[in-house]
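Take a look at the structure below.
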There are 2 protein chains.
Amino acid sequence: MTAECPSADVPAVQEVHAAAERIGPWIHRTPVFTSRTLDEFSGASLFFKCENLQRTGAFKFRGASNAVLCLDRDGAARGVVTHSSGNHAAGVALAARLRRIPAHVVMPANANPVKRAAVAGYGASVHTCEPTMQARRSCVEQIIAKTGATLIHPYDDRNVIAGQGTATLELLEQVDGLDTIVAPIGGGGMLSGACVVASSRAEPLRLIGAQPAGADDAARSLAAGRIIVIDNPSTIADGLRAPICERTFALLQRNAAAVIPVTEAQIIDAMRMVWERLKLIIEPSSAVTLAAVLREPDRFAGCRVGLILTGGNADIDNLPWQQSR
Amino acid sequence: MTAECPSADVPAVQEVHAAAERIGPWIHRTPVFTSRTLDEFSGASLFFKCENLQRTGAFKFRGASNAVLCLDRDGAARGVVTHSSGNHAAGVALAARLRRIPAHVVMPANANPVKRAAVAGYGASVHTCEPTMQARRSCVEQIIAKTGATLIHPYDDRNVIAGQGTATLELLEQVDGLDTIVAPIGGGGMLSGACVVASSRAEPLRLIGAQPAGADDAARSLAAGRIIVIDNPSTIADGLRAPICERTFALLQRNAAAVIPVTEAQIIDAMRMVWERLKLIIEPSSAVTLAAVLREPDRFAGCRVGLILTGGNADIDNLPWQQSR
């Protein structure tokens, strides 16, 4: 898959606008936070889009809602299924509950019991499988064969990407004159959505992905011009271990998105800064954006930068600075 | 001091309105957060006034700003002084910096070095003394004798109380139809300010203080009809160990404020709930309000309740649930 790939099935900006209207009654229009201290420290004007305050505690609810609402009536009645141990599972579960349709979530046996309880709390049927990708897929296939449920992929899905793009759309409405957006990259759904929005604007909008150095497949793939797979990605940012896919890679390439890798120590320091200065709980995956800005300040000096704080589901019983110091 | 005391030097509601105008350019108009989950859990509609997002991370900046701005030019030029190891010190330090006047903060030798650094970071001169109240007062007197600085008391001060009242004024503008305000009580400045605002309204507004059971001098004093002093108050809510004074006690009495004492375990559980559900960092002193609502749900069922989240300066290296579980 290359930049020229004409067949990548990616959403148009109209689909992001349609998604915003469709999911509007379900989602929170999350606030934008600023901090004089962090502005002084970074030399830029930073605008934090607080998707940690989104329903379910993460932006994933946007894409999941859009995908669930896009199902036709018959498809919806058969329910939805996904395999995830994290925020996407909660997003799908809540979206299905709101549409009053069945949701099946396949989770590995070693998944965090708190996250399992959260997903079950939203009313989804939780199916436990062996902790391998093969077992997950096989379990999903069995559920589809049995129920006819529709798979909602966490990012390799046109409607999910359109839904994630609504966060960038809102941010641009909320803050005048932004010139840069920095978003974390895991599978690339959030940044891909931002790419779709950016490509339709008259004013240029620079797109930068932030990625843990231990899971930097997007950075390597953009450099190589083809998807590079990393075996066993390792990072505290558990939401960013997923690999990019052809669909999201194509969008990043077409829109000349850049990627800044950051170290684990930089992620932890940035997370701590957000907790102390913004008084907001964010999970490690959200902290990569500030970490990227602080790692390469020359690229942001004097700019008006939107940073997506993607989620707030941190494990407050196991804080990274207590393990590492 | 009793309810009839005519001489208590307390602010009128006009002074709270004047304070709001005076400090308006300096303070943040803090947002109000809500949570469906906490509403369902409590059986009430809860509106959290986020003074943890105030400048310096606490509401204390409101009262300190008002007191600093009320000084005449000569008095201001001589500077201000306070003794505190917490949020009031930071509030006075920042207010003085903004008015470009000297600030002296007397802190005990055993004060938290992080808080000391924060106060120094706002440009105040930090004076270290022995960790006794006698030593603190004596150090303050020496500074006043030497510099002519004005003492800004954290709550036994008409202008400080008027400043704290602006938080309630804002909250009533932001949320329609509130019938109850719940605020923490330490020295009583915040709740006294709420009393002043409530007493001028046509609609009744119930005022409830929340207090740690280990520092429940306000509850005991209201029951006894006179100030009861507690020796060595003990609670994790370090902002609420200060004793009420005649001025704040008179306001609580006149306005029939009630007090709900809460246990340490209830404070910790409520703090955790705010962290997990609202994704907001609050310090233990802020958590007593939700703890009070959850302790006596029958008193709040079906009500529209404003809760003041007074501060966010938690020690994120020492979380109470990690010590106690």
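The values are calculated or read from the model by the stated rules, or taken from the named source; none is laboratory data. All values reported here derive from a predicted model rather than from experimental measurement. Virtual Cβ from ideal backbone geometry, glycine too; neighbours counted across all protein chains shown.
What the table below lists for this structure:
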{"item": "Out of A:A210, A:A145, A:A162, sole residue that is small (G, A, S), out of contact with any Gly (no Cβ under 9 Å at 6 or more places or on another chain) and within 20 Å of A:T30 (Cβ to Cβ)", "result": "A:A210"}
{"item": "For B:G91: the one exception among (1) in a helix (DSSP H, G or I); (2) surrounded by fewer than 16 Cβ atoms within 10 Å (Cβ to Cβ); (3) of a type in the set (G, A, S)", "result": "(2)"}
{"item": "Pair list, Cβ under 7 Å, 6 or more apart: segment A:278-292 residue within 14 Å of A:I181 (Cα to Cα), other residue of a type in the set (S, T, Y)", "result": "A:S286/A:T310"}
{"item": "Matching residues in segment A:210-225 - criterion: being more than 15 Å from the chain's Cα centre (by Cα) and in contact (Cβ under 8 Å) with a residue 60 or more places away in the chain", "result": "A:G225"}
{"item": "Among (1) in contact with a Pro (Cβ under 8 Å, 6 or more places away or on another chain); (2) surrounded by fewer than 21 Cβ atoms within 10 Å (Cβ to Cβ); (3) over 27 Å from A:D317 (Cα atoms), the one test that A:I101 misses", "result": "(1)"}
{"item": "Lone unmet requirement of (1) within 14 Å of chain A (Cβ to nearest Cβ); (2) part of a helix (DSSP H, G or I) for B:I267", "result": "(1)"}
{"item": "Flag for B:I228 being in contact with an Asp or Glu (Cβ under 7 Å, 6 or more places away or on another chain), without any contact (Cβ under 8 Å) to a residue 24 or more places away in the chain and in a loop (DSSP other than H, G, I, E, B)", "result": "yes"}
{"item": "Test result for B:L172, assigned to a helix (DSSP H, G or I), surrounded by fewer than 21 Cβ atoms within 10 Å (Cβ to Cβ) and in the same structural domain as B:I23 (by TED's automatic domain parsing)", "result": "yes"}
{"item": "The lone exception for B:W275 - which of (1) more than 12 Å from chain A (Cβ to nearest Cβ); (2) free of Cβ contacts under 8 Å to residues at least 40 places away in the same chain; (3) among the aromatic types (F, W, Y) it fails", "result": "(1)"}
{"item": "Selection within segment B:65-88 - modelled with pLDDT of 95 or more and within 17 Å of B:V126 (Cα to Cα)", "result": "B:R78, B:G79, B:V80, B:V81, B:T82, B:H88"}
{"item": "Residue in segment A:281-288 that is modelled with pLDDT of 95 or more, out of contact with any Cys (no Cβ under 8 Å at 6 or more places or on another chain), within 26 Å of A:N112 (Cβ to Cβ) and acidic (D, E) present", "result": "yes"}
{"item": "Residues of segment B:233-253 classified as closer than 21 Å to B:V196 by Cβ and in a loop (DSSP other than H, G, I, E, B), total", "result": "4"}
{"item": "Residues (within 26 Å of B:R299 (Cα to Cα) and touching an Asp or Glu at 6+ places or on another chain (Cβ under 7 Å)) located in segment B:20-58", "result": "B:S45, B:L46"}
{"item": "Matching entry among B:R62, B:R78 (being crowded, with 23+ Cβ neighbours inside 10 Å and charged (D, E, K, R))", "result": "B:R62"}
{"item": "Leading residue by the ranking (nearest to the chain's Cα centre (by Cα)) among those in segment A:239-272 that are within 17 Å of A:C50 (Cα to Cα) and buried (at least 19 other Cβ atoms within 10 Å of the Cβ)", "result": "A:G239"}
{"item": "Scope segment A:22-61; condition among the β-branched types (V, I, T) and more than 12 Å from chain B (Cβ to nearest Cβ); matching residues", "result": "A:I23, A:I27"}
{"item": "Any chance A:L290 is in the same structural domain as A:D238 (by TED's automatic domain parsing), crowded, with 24+ Cβ neighbours inside 10 Å and assigned to a helix (DSSP H, G or I)", "result": "yes"}
